[in-house]
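Comments concern the structure below.
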Amino acid sequence: NTKKAVNNPQSGPWAESWHIPCFISGSTIREYGQMTTNLKKLIFGALAFLALIGTAVAEEEEATLNSGDTAWMIVAAVLVLLMTLPGLALFYGGLVRSKNVLSILMQCFVIAAVMSILWVVFGYSLASTEGGEGFMGKLIGGSEKMMLKGVEADTVSGSIPESVFVVFQMTFIIITPALIVGAFAERMKFSAVLIFTTLWAIGSYLPIWHMAWSGVGLFSDWDVIDFAGGTVVHINAGVAALVACIMLGKRKGYSTTSMAPHNVAYTVIGASLLWVGWFGFNAGSELAADGVAGYAMLVTQIATAAAVLAWLAIEWIISGKPTAVGAATGAVAGLVAITPASGSTTVCGALVIGLAAGLVCYIFATSIKRALGYDDSLDVFGVHGIGGIVGAILTGVFLREVPEHGIGVQVGAQLKSVLLTIVWSGVVSVIAFLIAKALTGGGRVSEDEEDSGLDVTYHGEGAYGSDR
């Protein structure tokens, strides 16, 4: 049967080329089949063994220090620290009146010191560790890494030393409460500033960090995407700023006296340092020198540029002149909005997020603020709070890889995280302010001190000498 022989090379004249005997007994065939089965088992066993070895090697490599990642993360930490000192200090310092510039620099400087110690003593532990069982473990971590217990020179976290990760995240807790001071600039006692920001950092920053980034928090259960701090940093700080400035009250002469920035050049220099430092903020949040970090840098630049142009366009149309303060503020709005999306968005998404941030933040920092009448001195809520909300929600829309549950579910998760952050930070801010107010005799400077300026009355020196 020629057709049968062609289909079955183990029979007929073709069998010789396969080195298989055609005319053999049934027992021989069974022995041959058993031998083949055993051979297959041996091969599969060997492959499984090699797979186990490969997995073990991969796990070992995963915990191995990578010098390139380590070098990049050290640079990223320095860049983020640069954002506060001197970036944010100069950005805010230029926007206030000359009699209060030193108070802003002091607040940023001292907050950096306070938050550094707080993070080391217990902040890192409460934020990053798993904490207790049940729902509380979703909200806050535990005490096993207080005073950085177990963090040694050779302790590796991913592919970098854990000490480097600690410092990198320390720069985040430094800048976040420092952002808030712009809302109540020129009228809050220095002692009240320190008490309020410290209590707020403990009660709001650490829990939101844990929910978003610990890997075991509530936001992780919801599949929230917050790559570099839309909820943790910007919405969190923006809401606290709004609460504090309303509870403290308006500056003396607000809306009737000129409170123009005393040095726009400082503001532009500060914004420029923020822009440069933000690459460490966003690209550094990948915790590795890889393609995702590179793409985060790309979309950060695109969104920021788009926000600058959007802000200037609407300002030019409405007021007739594009301003340097507007350009600087627009840049910050774009940087804020792209922060949560920087690890996952597309180039087109970055453009839309930047444009949306520039337009929406401008409206909130001007028209809506005037309509509602609150005195957010340096537009912390209008830029960081609103920019963070815009960015966090649009993060779920513009994704390089659409999740299995779909864009609608992702946007819903983003919205839930935004709402929880607003409520959480708002409640904690009210409590922290009331405590600071009670401990400092009201929290607010007197009218005479406000007239003289906080530089001289609270620090005994002026930024421009005694003659100013």
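The values are calculated or read from the model by the stated rules, or taken from the named source; none is laboratory data. Here the structure is a predicted model, which means the values were calculated and not measured. Reconstructed Cβ throughout: ideal geometry from the backbone, glycine too, with neighbour counts over all protein chains shown. Surface areas here come from the heavy atoms of the whole protein model, side chains and all, with no ligands, DNA or RNA. Shrake-Rupley method; radii C 1.70, N 1.55, O 1.52, S 1.80 Å.
A few notes on this one:
The rows are residues; the columns are (1) open to solvent by less than 20 Å² (accessible area, probe 1.4 Å); (2) aliphatic (A, V, I, L, M); (3) more than 18 Å from residue 90 (Cβ to Cβ); (4) in contact (Cβ under 8 Å) with a residue 60 or more places away in the chain.
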site: 191; (1), (2), (3), (4): no, no, yes, yes
site: 201; (1), (2), (3), (4): yes, yes, yes, yes
site: 243; (1), (2), (3), (4): no, yes, yes, yes
site: 247; (1), (2), (3), (4): no, yes, yes, yes
site: 263; (1), (2), (3), (4): no, no, no, yes
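- Residue count for region 351-380 under the criterion of being assigned to a helix (DSSP H, G or I) and either open to solvent by 30 Å² or more (accessible area, probe 1.4 Å) or modelled with pLDDT under 95 (or both): the result is 12.
- Test: residue in region 390-402 that is out of contact with any Leu (no Cβ under 9 Å at 6 or more places or on another chain), surrounded by fewer than 18 Cβ atoms within 10 Å (Cβ to Cβ) and either among the small types (Gly, Ala, Ser) or assigned to a helix (DSSP H, G or I) (or both): no
- Residues located in region 403-427, provided they are closer than 20 Å to residue 229 by Cα, open to solvent by 60 Å² or more (accessible area, probe 1.4 Å) and not hydrophobic (A, V, I, L, M, F, W, C): 416
- Under the condition of being open to solvent by less than 10 Å² (accessible area, probe 1.4 Å) and part of a helix (DSSP H, G or I), the residues counted in region 92-106 number 7.
- Residue in region 269-284 that is buried (at least 18 other Cβ atoms within 10 Å of the Cβ), in contact with a strand residue (DSSP E or B) (Cβ under 9 Å, 6 or more places away or on another chain) and modelled with pLDDT of 95 or more present: no
- Restricting attention to region 428-468, the residues being of a type in the set (A, V, I, L, M, F, W, C), open to solvent by 10 Å² or more (accessible area, probe 1.4 Å) and over 15 Å from residue 186 (Cα atoms) number 7.
Let's see how each residue does on (1) touching a residue at least 24 places away in the same chain (Cβ under 8 Å); (2) of a type in the set (Lys, Arg); (3) over 26 Å from residue 254 (Cβ atoms):
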{"position": "413", "(1), (2), (3)": "yes, no, yes"}
{"position": "416", "(1), (2), (3)": "yes, yes, yes"}
{"position": "432", "(1), (2), (3)": "yes, no, no"}
{"position": "436", "(1), (2), (3)": "yes, no, no"}
{"position": "443", "(1), (2), (3)": "yes, no, no"}
{"position": "464", "(1), (2), (3)": "yes, no, no"}
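- Single unsatisfied condition, residue 314 versus (1) open to solvent by less than 40 Å² (accessible area, probe 1.4 Å); (2) closer than 22 Å to residue 263 by Cα: (2)
- Residue in region 321-337 that is more than 20 Å from residue 269 (Cβ to Cβ) and crowded, with 19+ Cβ neighbours inside 10 Å present: yes
- Residue count for region 121-175, restricted to those that are closer than 30 Å to residue 106 by Cα, open to solvent by 50 Å² or more (accessible area, probe 1.4 Å) and in contact (Cβ under 8 Å) with a residue 40 or more places away in the chain: 1
- Test result for residue 109, at pLDDT 95 or above, open to solvent by 10 Å² or more (accessible area, probe 1.4 Å), assigned to a helix (DSSP H, G or I) and closer than 23 Å to residue 83 by Cβ: yes
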